[in-house]
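Below is one structure, written out as structure tokens; the observations come after it.
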Amino acid sequence: MNTEQTVDYLNAGYGPKSWLLTTDHKRIAILYLISITFFFFVGGFFALIMRLELLTPQADVVSAHTYNELFSMHGITMIFFFLVPSIPAVLGNFLVPLMIGARDLAFPRLNLLSWYLYIFGGIFTLVAMLTGGIDTGWTFYTPFSSAYSTTNVIPVVTGIFILGFSSILTGLNFIVTIHKMRAPGLTWFRLPLFIWAQYATSVIIVLATPVLAITLALLGVERIFRVGIFDPALGGDPLLFQHLFWFYSHPAVYIMVLPSMGVVSELVTCFSRKRIFGYYFMAGAIMAIAALGFLVWGHHMFVSGQSVYAGMVFSALSYFVAVPSAVKVFNWTATLYKGNISFHTPLLYAFGFIGLFTIGGLTGLFLAALAVDVHVTDTYFVVAHFHYIMVGGAVMGYLGGIHYWWPKITGRMYNEGWAKFSALILFVGFNLTFFPQFILGYLGMPRRYHVYPPEFQVLNVLSTAGATILGVGYLIPFTYLIWSLRKGKQAGPNPWNATGLEWKTPSPPPPHNFDKVPIVTEGAYAYPPILTTEGTHGGS
């Protein structure tokens, strides 16, 4: 080892001031990583109390009102403060400049401002939820939220309004950076698919988030000034709120899952040592999902009283949006076919994503069918479907990305044995938690109820047992990743022998990323062809 310490972004400056006033995209990514992890465990704590309540048919742990507050706080925390910013704000911030050969993002100060807005909005919302509660669900449906709820609706909505500016600034930063700051030779169709996914996500964020902000502002105006916008008692239209809310919130599903798709594309190609199958179709599918995601919001409203004709159109479009998602799943499978596969931890998370996302997507087709949706809407079938996409999809992708780029972020390797064990625990715990909820929903148990008939208890006990395993599965990576910061062995610049500009820098990277701007001469994923048909199927 060299006695002389090389300067990297972690040791370029010391003390709180050097972090809290930094404009280095890599340090800002670390700030996001710490704050997002905090909100993840807060949201998980709310879920834990809910699952304890649902162990028994009677209300043994919390009252009906407290239960309403718990599922509202769980949803708001997990969606707005973890899932939406998770991959873009952490991995996107860290990797977008590195992967395109840039020294930083286009607007470094705006990047720091977006983190401060995130923290301010998050603390504001959390304090509002813990002091006065919120019982509207994460959807804030009117007229309950605008007229009847006695909880802290306005402060919580204000916190989310503030958070929206953080998302928009991050999205704008990524769009400008990817357009204007790519290295010489890095044309659009040489970009890694992770960058395509970040770009598509940023476009959705910039176009959709203002709609949510305006909707929440209108909700506040109605609640404070009693202007009839959504409340029928005041001459308003409650369906208008649902249309506006879901016009943001269905694209928001793709804000949460598209970045994970980009991560999985990187993992599959790296650990199968093959070029991605159908690169152009994969890039096109990402953009198609982003575009079609704006056209299907009405499938959340099949039983709301919207016209049958609108329902039929939204149903057909919802089936159509499944096509580019299916293209991605088949192309990942084709990439793995006859690949030289190494079963390292990041690939295990990618497998978990592909399997769980596929189940979530197929059950989405059930919900897109008008006749089936009438029976299973607002039951645990919807809860299970949503979590298969969000937790089975988005969180699996996030953890896969964290494990893949952890050596680059920290310069250290983690314990591979513990990492594989935790991936297995998470997969088992997740399925044990949420698969029984498909059956519960099919049998007719409504969501958001804290008491239920005794015949549903066995499935609820299974679900709570699974949630306990899932919770342990999340604590294990938290432990060994922190352990690796001190005790993990040194990682070289490219421990996975991957392609991509981010692996051309030292681990951790220097503050300026590259000593000289790289020149790109080949496409993404330029792995040498596998000569034998059998390949070497190595483990770790």
**Complete:** Per the filter on the range 50-64, residues surrounded by fewer than 17 Cβ atoms within 10 Å (Cβ to Cβ) and either polar (S, T, N, Q) or touching a residue at least 12 places away in the same chain (Cβ under 8 Å) (or both) are LEU52, LEU55, THR56, PRO57, GLN58, ALA59, VAL62, SER63, ALA64
**Message:** Can you pull out every residue in the range 445-488 that is of a type in the set (Phe, Trp, Tyr), farther than 22 Å from TYR404 by Cβ and either part of a helix (DSSP H, G or I) or touching a His at 6+ places or on another chain (Cβ under 8 Å) (or both)?
**Reply:** PHE456
**Long-range neighbours under 8 Å by Cβ, at least six apart or interchain, first residue within 9 Å of TYR414 (Cβ to Cβ) and of a type in the set (A, V, I, L, M, F, W, C) within the range 473-491, second at pLDDT 95 or above and assigned to a helix (DSSP H, G or I)** = LEU481/ILE402; LEU481/TRP406
**Message:** Could you check the range 393-424 and list, in sequence order, the residues that are of a type in the set (Phe, Trp, Tyr) and without any contact (Cβ under 8 Å) to a residue 60 or more places away in the chain?
**Reply:** PHE421
**Request:** Give the number of residues within the range 341-374 that are under 30 Å from HIS450 (Cβ atoms) and without any contact (Cβ under 8 Å) to a residue 24 or more places away in the chain.
**Result:** 4
**Request:** Take LEU95 and decide whether it is out of contact with any His (no Cβ under 8 Å at 6 or more places or on another chain), in a helix (DSSP H, G or I) and within 20 Å of ILE255 (Cα to Cα).
**Result:** yes
**Request:** All but one of (1) among the hydroxyl-bearing types (Ser, Thr, Tyr); (2) surrounded by fewer than 20 Cβ atoms within 10 Å (Cβ to Cβ); (3) in a loop (DSSP other than H, G, I, E, B) hold for TYR525, so report the exception by its number.
**Result:** (2)
**Asked** Yes or no: LEU292 among the hydrophobic types (A, V, I, L, M, F, W, C) and farther than 17 Å from MET256 by Cα?
**Response** no
**Complete:** Turns out the helices (runs of 4 or more DSSP H) fully within the range 323-430 with at least 2 residues that are closer than 24 Å to VAL96 by Cβ and modelled with pLDDT of 95 or more are 345-368, 396-410
**Prompt:** Listed residues PRO251, PRO210; which is part of a helix (DSSP H, G or I), surrounded by 24 or more Cβ atoms within 10 Å (Cβ to Cβ) and modelled with pLDDT of 95 or more?
**Reply:** PRO251
**Fill in**
Of (1) among the aliphatic types (A, V, I, L, M); (2) out of contact with any Phe, Trp or Tyr (no Cβ under 8 Å at 6 or more places or on another chain); (3) free of Cβ contacts under 8 Å to residues at least 60 places away in the same chain, LEU70 satisfies every one except (2)
**Request:** Collect the residues in the range 511-520 that are surrounded by fewer than 17 Cβ atoms within 10 Å (Cβ to Cβ) and either touching a residue at least 40 places away in the same chain (Cβ under 8 Å) or under 13 Å from TRP405 (Cα atoms) (or both), keeping them in residue-number order.
**Result:** HIS512, VAL517, ILE519
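Every residue, every condition in (1) farther than 20 Å from GLY352 by Cβ; (2) under 23 Å from the mean Cα position of the chain (by Cα); (3) surrounded by fewer than 24 Cβ atoms within 10 Å (Cβ to Cβ), yes or no:
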position: MET261; (1), (2), (3): no, yes, no
position: THR269; (1), (2), (3): no, yes, no
position: ARG275; (1), (2), (3): yes, no, yes
position: ALA288; (1), (2), (3): yes, yes, yes
position: GLY298; (1), (2), (3): yes, yes, yes
**Prompt:** Just a yes or no: is a residue in the range 62-70 of a type in the set (A, V, I, L, M, F, W, C), farther than 24 Å from LEU485 by Cβ and assigned to a helix (DSSP H, G or I)?
**Reply:** yes
**Message:** Of the residues LEU399, LEU440, only one is touching a Phe, Trp or Tyr at 6+ places or on another chain (Cβ under 6 Å) and either closer than 18 Å to LEU485 by Cβ or acidic (Asp, Glu) (or both); which?
**Reply:** LEU399
**Asked** Pick from PHE230, PHE174: which is surrounded by 24 or more Cβ atoms within 10 Å (Cβ to Cβ) and farther than 14 Å from GLY92 by Cβ?
**Response** PHE230
**Asked** Only one of (1) aromatic (Phe, Trp, Tyr); (2) in a helix (DSSP H, G or I); (3) within 30 Å of THR345 (Cβ to Cβ) fails for PHE277. Which number is that?
**Response** (2)
**Item:** Inter-residue pairs, beta-carbon under 6 Å, first closer than 23 Å to PHE174 by Cβ and small (Gly, Ala, Ser) and in the range 206-227, second at pLDDT 95 or above and not in a loop (DSSP other than H, G, I, E, B), 6+ apart
**Value:** ALA208/TYR248; ALA208/PRO251; ALA213/PHE161; ALA213/GLY164
**Message:** Considering only residues that are in contact with a helix residue (DSSP H, G or I) (Cβ under 9 Å, 6 or more places away or on another chain), aliphatic (A, V, I, L, M), over 14 Å from GLY417 (Cβ atoms) and surrounded by fewer than 19 Cβ atoms within 10 Å (Cβ to Cβ), which ones fall in the range 476-491?
**Reply:** LEU485
**Message:** So the check is Cβ under 6 Å with 6+ separation or different chains; which pairs have a first residue in the range 108-135 that's within 26 Å of MET50 (Cβ to Cβ) and a second one that's β-branched (Val, Ile, Thr) and not in a helix (DSSP H, G or I)?
**Reply:** GLY132/THR151; GLY133/THR151; ILE134/THR151; ASP135/THR151
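The values are calculated or read from the model by the stated rules, or taken from the named source; none is laboratory data. Please read all numbers here as calculations on a predicted model, not as lab measurements. All Cβ positions, even for glycine, are placed from backbone atoms using ideal geometry, and neighbour counts span all protein chains on display.
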